Amino acid sequence: MVLARADEAPAALETLAGVLPPDEERALARRLLAPHVERVMAKGTEVEKYQVLASLAPVDPSRVLELIEAHGSGKPPNILDGLRGTVASGLAGESPEEAVSVAETVQDPGARSWCLIDVFDKLPASPRARKVELLAEAQLQARGIPEPGQKLRHLGRVADRWLDLGETDRAGALLSEGRALAKEVPPPGYEIIRFAEPLARVDLPAALALIDAARDMALRGDRVSRVFVFDRSYGEIAYRLAIPDPAGAERVLGLIVDPYRRGGYVAATCSRMAPGDLPRARRLAETIDDPLHQAYALGLMARALVAVDKASAARLLDEAFARIEAHRDDGRRTSVPACVAAVLLTAVESVEPDRLRETVWRAAVLRAPRPDERGEGATGRADAELAMNLARYDRAAASAVLAPAVDAFGTTDGDTYRQGFVAMAEVLIDPRRAVTMVEALPDDPGIDRALPKNIARAFAAEMLGKHGDARWQAARQWGVSLWRPDGSDL
């Protein structure tokens, strides 16, 4: 508790810098992973080796490349390409040219195109010329894919980015090429659905017609009904149309079947739509089934609206928190009231930063009132997810929330993932202590990644390898369980 005199304003909160420099955190992650990597490389299956090297790539890319060279002889090319792609993606944020060099070693044209677009996505908006160059190379690789379905999907990814850059002629040419190619895709044809997402940005009726045709193909080529594939695509389209075509976005959201999936996509679409069409965005938010997800949508809208209408943004934010508090005791849901409130602290920072300290504690007091002996309450790992999002602004508050779970760390538990979430949250509070906690756990009897210490090791190392907003985005996504559009920062 921090006391202040009545005539003294409390110190303002803001996003905190990391406890340690990124290089030191990556070194801790390497230390944590090293014993497990050694065991898996000696005794693991090819799948286990791939998984452990993919975990290592973000924190030690050069070591992964060395291990590929040492152990890659005779291995399936797609496995090696996948690992090189993971290394390139991990390097893209801080060493984009090094990432491109690694991407150029990927042999399969589809894998190389995918990898180059991953690098493209992580580059800043400028220099534009370099982004254009990378996208042109990704397009060249995509056109070299022999299989029609995969070629169509990759051409769509490239066209989507040309539209982002405002290169409508280049995008249009690719989309026309793709529409002709779609006729050659064999059942079940799910690649057609992915291609329809960028097509919808320029021709919504044609995109919806393609999805309808793909649904008929899927019925012929797949014995399982995969409604979620179509729901996901409709959500992606709505998110893309939220700004240029709000009415079209609303229409497409109405096609989503599953209410849970729909809730996430409505919230995301409303966040983009609010500055240009607030009445429609508000009306759509009220159609979400879960009141906590309604509140989440209102908070996202407030964050998006602040630049054009700060007063309305503040009212939306007040309404969001009031709705969370009103539904605190509704019973078990897919999201937890305290976590939803904590995730919306980013909106508070944008809209009313002087209220951030107050709102941190509003989120904290929404916790389940009767935690069990591990400090978890009826919602399992909820305290860890809450602490992750509080730690962005107030590590002391996060530590207080997490303390019972830390004290009980290592307790035998049927939920083998609980310790992983506690370790991940502790990384954001005290990374050295998090590593020590994991290292002190009893060794697992094998190398299976689902064993308790292996899970805790992997989760902690993953968070140690994330920095900047990538770290906080991961915390937000654990805090609110929803489907989200690809590439969104929600």
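Taken together, the values in this text are just the output of simple stated rules run on the coordinates, not laboratory data. Treat the numbers as computed from the prediction; the structure is a model and nothing was measured. For neighbour counting, all protein chains shown are included, and Cβ atoms are generated from backbone atoms with ideal geometry for every residue, glycine included.
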Taking the C-alpha atoms of the chain, how large are the radius of gyration and the largest Cα-Cα span, Dmax, in Å? 23.5, 74
Quick one: which of 80-91, 113-124 comes out on top by average Cβ neighbours within 10 Å, and what's the full order, highest first? 80-91, 113-124
So if each residue of separation counts as 0.36 nm, and I subtract the Cα-Cα distance between SER101 and ARG226, what length gain in nm does that give? 41.2 nm
So, counting K/R as plus one and D/E as minus one, what does the shell of residues with Cβ under 15 Å around LEU56 add up to? +3
Work out the charge dipole of the chain with +1 on the Cβ of Lys and Arg and -1 on the Cβ of Asp and Glu about the Cα centre, then indicate which of ILE145, VAL360, PRO22 is farthest towards its positive end. ILE145
Local charge sum around ASP277 (other residues, Cβ-Cβ under 12 Å, Lys/Arg +1, Asp/Glu -1)? +2
Highest mean packing first, using Cβ neighbours within 10 angstrom, the peptides 297-304, 198-205 sort as 297-304, 198-205
Among ALA70, GLY110, ALA54 - extreme Cα towards positive end, dipole of the range 48-144, charges at beta-carbon: GLY110
Listed residues LEU241, PHE228, GLY254: farthest to the positive end of the dipole of the range 210-266 (Cβ charges): PHE228
In deg cm²/dmol, rounded to 500, what helix-only [θ] at 222 nm does the chain give when every DSSP H run of at least 4 residues adds -39500 (n - 2.57) and the total is split over its residues? -20500 deg cm²/dmol
Order the peptides 271-279, 420-428 from the highest to the lowest mean number of other Cβ atoms within 10 Å of their residues. 420-428, 271-279
